[in-house]
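The values are calculated or read from the model by the stated rules, or taken from the named source; none is laboratory data. All figures in this text were calculated on a predicted structure; none of them were measured in a lab. Cβ placement follows ideal geometry from the backbone for every residue including glycine, while neighbour counts extend to all protein chains displayed.
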Amino acid sequence: MGLFDKIKGEFVDIIDWQDSSNDTLIWRFPRYQNEIKMGARLTVRESQAAVFMNEGKIADVFNPGMHTLQTQNMPILTTLKGWAYGFNSPFKADIYFASTRQFTDQKWGTKSPIIVDDQRFGMIELRAFGTYAFQVVDPGLFVKEIAGTDSHFVAEDINGQLRSLIVTKFTDAVGEGNIPVEKFAANLEELSELGLNKLNLDFQSYGLKITRFLVENVSMPEELKKEIFEYSRLNKIDMAKLTQFKAAKSIEQAASSSNSTMGMGMGMGMGFGMGNVMTNTFGQMMGQNASAQPPQVPPPLPAAAFYVALNGQQSGPFTCEQLSQMVTQGTLKQDSLVWKQGMASWVQASGVTDLAELFANLPPPLPPV
């Protein structure tokens, strides 16, 4: 190699990045030990940005276009280098190219169920998944906060962190959205918008922006689905009828599970009783004339059972007799939260008329010794 070729190889005078990948976010220009020649040509293509870094500090950022590197168009680097009156000698700087295009069809999903507290159905578990798209909107901040000194940074390097942040913020959005659980499937667009607004408040601190966020599905346990379907069919008619309907189903299940002769006889008896309950209930719903044929009066239903919040968990249901024992044992207190079917929300036990008398017979506290 001649002297001219050696000197020429020590200077960089053309700087560009021809991105042939689909997932590269950051690519460092391979300057190695060569110095950048003052007056070198920098080409920044569409959907790119060039970030100059000097001794670990972010300097100038160049947008798409063809640039001739001079002290006049590198004001921050000129200040860091101390070129107060201009300087035309070669210099060293790390150059990072950032892709500013949208990275679409990124997957997200909940690895563990989301716990939601619904006023009517209590604590429930939900799962959700969908897609999102993002792009780098502040290349300098992104290089500083995320990419660091990596010479080649791809979308998959950050997707794990982004997915965790998405699930956390989506959980908050679900809690603040005040959408009834049975209407989640019909309000996926609203959930998506809530998640998008919530996410971008945090993504800005990384120099990123979520351009599209979609909730494709929200699923829940099958037993909860069945309960919601029953609730939607019967709640508009009468909550008392819903209670009768559930009692009839319980009798039917008890009869069908009996295998002995006695169990079969009991099942037949309960089946006849269930038929009377169903006939009376649905006869009223269909507007049948009760005076045409006197109905058989079913036995009275047991007293309404209560659910109790114990150690932050829903327990029960308990009968009044069981609740009385719990009061005696100190498990159920006056400020304990309780709920039964037909109540709008959880309330303190002392505020429920049916339970207030349980605390009336409690002995007063012992006098001090």
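Sort out which residues of segment 316-335 are over 18 Å from Gln119 (Cβ atoms) and not hydrophobic (A, V, I, L, M, F, W, C), and write them in order of number.
Thr319, Glu321, Gln322, Ser324, Gln325, Thr328, Gln329, Gly330, Thr331, Lys333, Gln334, Asp335
So which of Leu42, Leu25, Leu69 ends up being modelled with pLDDT of 90 or more, in contact with a helix residue (DSSP H, G or I) (Cβ under 8 Å, 6 or more places away or on another chain) and among the aliphatic types (A, V, I, L, M)?
Checking each option against the conditions leaves just Leu25.
Mind checking which residues of segment 99-146 are of a type in the set (A, V, I, L, M) and at positive phi?
Passing the criteria: none in range.
Those residues that are of a type in the set (A, V, I, L, M, F, W, C) and not in a helix (DSSP H, G or I), I need them from segment 307-337; list them, please.
Val308, Ala309, Leu310, Phe318, Leu332, Leu337
Among the candidates Val116, Val51, single out the residue that is surrounded by 17 or more Cβ atoms within 10 Å (Cβ to Cβ), outside the structural domain of Ile146 (by TED's automatic domain parsing) and touching a strand residue (DSSP E or B) at 6+ places or on another chain (Cβ under 8 Å).
Criteria check complete, one pass: Val51.
Which of the residues spanning segment 125-164 are in contact (Cβ under 8 Å) with a residue 24 or more places away in the chain, within 14 Å of Ser205 (Cβ to Cβ) and exposed (fewer than 15 other Cβ atoms within 10 Å of the Cβ)?
Correct list: Glu145 only.
If the Cβ limit is 8 Å and pairs must be 6+ apart or interchain, which residue in segment 89-107 that is within 17 Å of Gly207 (Cβ to Cβ) pairs with which residue that is assigned to a loop (DSSP other than H, G, I, E, B) and among the small types (Gly, Ala, Ser)?
Ser99/Ser47; Thr100/Ser47; Arg101/Ser47; Phe103/Ala155; Gln106/Ala155
If Gly109 passes every condition in (1) closer than 30 Å to Leu191 by Cα; (2) in contact with an Asp or Glu (Cβ under 8 Å, 6 or more places away or on another chain) but one, which one does it miss?
(2)
Return yes when Pro75 is farther than 30 Å from Val218 by Cα and either loosely packed, with under 13 Cβ neighbours inside 10 Å or free of Cβ contacts under 8 Å to residues at least 60 places away in the same chain (or both) and no when it is not.
The answer is yes for Pro75.
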